1. Exactly one condition in (1) open to solvent by less than 60 Å² (accessible area, probe 1.4 Å); (2) out of contact with any helix residue (DSSP H, G or I) (no Cβ under 9 Å at 6 or more places or on another chain); (3) not in a helix (DSSP H, G or I) is not met by B:Asp20; state its number.
2. For residues that are modelled with pLDDT of 95 or more and in a loop (DSSP other than H, G, I, E, B), tally how many sit in region A:1-16.
3. Tell me which residues, restricted to region A:72-107, are exposed (fewer than 14 other Cβ atoms within 10 Å of the Cβ), assigned to a helix (DSSP H, G or I) and not acidic (Asp, Glu).
4. In region A:29-69, which residues are open to solvent by 40 Å² or more (accessible area, probe 1.4 Å), within 20 Å of A:Ser114 (Cα to Cα) and within 14 Å of another protein chain (Cβ to nearest Cβ)?
5. When you scan region B:53-65, do you find a residue that is touching a Pro at 6+ places or on another chain (Cβ under 9 Å), outside any strand (DSSP E or B) and under 24 Å from A:Asn2 (Cα atoms), even just one?
6. Given the criterion more than 15 Å from A:Ile49 (Cα to Cα) and in contact with an Asp or Glu (Cβ under 7 Å, 6 or more places away or on another chain), identify the matching residue among A:Ala65, A:Ala75.
7. Taking region B:96-116, which residues are in contact with an Asp or Glu (Cβ under 9 Å, 6 or more places away or on another chain) and modelled with pLDDT under 85?
Protein chains: 2
Amino acid sequence: MNRIPILRLGKALLVTIQVDMHDELALALEQDLTQKIWATGARGVLIDISALEVVDSFIGRMLHAIASVSRVLDAETVVVGMRPAVAITLVELGLELPGIRTALDVERGMTLLSRRDEEAEGDVERR
Amino acid sequence: MNRIPILRLGKALLVTIQVDMHDELALALEQDLTQKIWATGARGVLIDISALEVVDSFIGRMLHAIASVSRVLDAETVVVGMRPAVAITLVELGLELPGIRTALDVERGMTLLSRRDEEAEGDVERR
């Protein structure tokens, strides 16, 4: 298995990270996600990291790269399921995931994305 | 990482299988799922196997065990994302996953579950 599956949920894409990431896998995930956002017109990307006991600078960079590419394609990235210990370590390491939104779980992440979508539609209507 | 994450999506639970399963991991997943169905009152379990290139009798038994326990707790199991080659192999091996529903992707699986839920509610109303 050399690919992390990307699931479609309404207007969002969902990825659960549950294997140790290495360069090649991270790169494949970034490419697959970019391709899938483009192909499906997804408005958001949810990345579940509840299985991760450690988030180091490598994972931090991967999340940042995914969020940046998604943003260019007008999709927002929300990292969900972060463990409390991971959150503490990230802050201690100074890896505060700038520009990436977080939510406690997938459902809250979905709510965040749909709210953003409604606001965007409101903006279009007001114009 | 020794646990497969179980995500809550409305009244359903979602699991994506993306690592090679072994005895211990399969047992842990069954126990975690049972516990989570009980704790959340979930009505359905979606198991995404789109990452699996091979489904052997071991995985078949695991899916069957999960479906059986879920049914006892009044939750339906839907296996989603099966690859065409996997489907062909399963039939050739005579492993046709009896008692397990399947759907092409997570969204169709969710639709299947919500339809079943509406029917169940209809039954209650008719009584």
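The values are calculated or read from the model by the stated rules, or taken from the named source; none is laboratory data. Worth saying up front: this structure is predicted, and the values here are computed from it rather than measured. Backbone-built Cβ (ideal geometry, glycine too); neighbour counts: all protein chains shown. SASA here: full protein model, heavy atoms, side chains in, ligands and nucleic acids out. Shrake-Rupley method; radii C 1.70, N 1.55, O 1.52, S 1.80 Å.
1. (1)
2. Number of matching residues: 1.
3. Looking only at region A:72-107, we keep the residues that are exposed (fewer than 14 other Cβ atoms within 10 Å of the Cβ), and these are A:72, A:74, A:84-85, A:88, A:91-94, A:96, A:98-99, A:104.
Within this subset, residues satisfying the condition of being assigned to a helix (DSSP H, G or I) are A:72, A:84-85, A:88, A:91-93.
Answer for region A:72-107, where residues must be exposed (fewer than 14 other Cβ atoms within 10 Å of the Cβ), assigned to a helix (DSSP H, G or I) and not acidic (Asp, Glu): A:Val72, A:Pro84, A:Ala85, A:Ile88, A:Val91, A:Leu93.
4. Correct list: A:Lys36, A:Ala39.
5. Of region B:53-65, the ones touching a Pro at 6+ places or on another chain (Cβ under 9 Å) are B:64.
Subsequent filtering for residues that are outside any strand (DSSP E or B) retains B:64.
Now narrow it down to the ones that are under 24 Å from A:Asn2 (Cα atoms): none.
No; the residues of region B:53-65 include none that is touching a Pro at 6+ places or on another chain (Cβ under 9 Å), outside any strand (DSSP E or B) and under 24 Å from A:Asn2 (Cα atoms).
6. On the way: A:Ala75 fails: in contact with an Asp or Glu (Cβ under 7 Å, 6 or more places away or on another chain).
Only one candidate qualifies: A:Ala65.
7. The one that is in contact with an Asp or Glu (Cβ under 9 Å, 6 or more places away or on another chain) and modelled with pLDDT under 85: B:Arg116.
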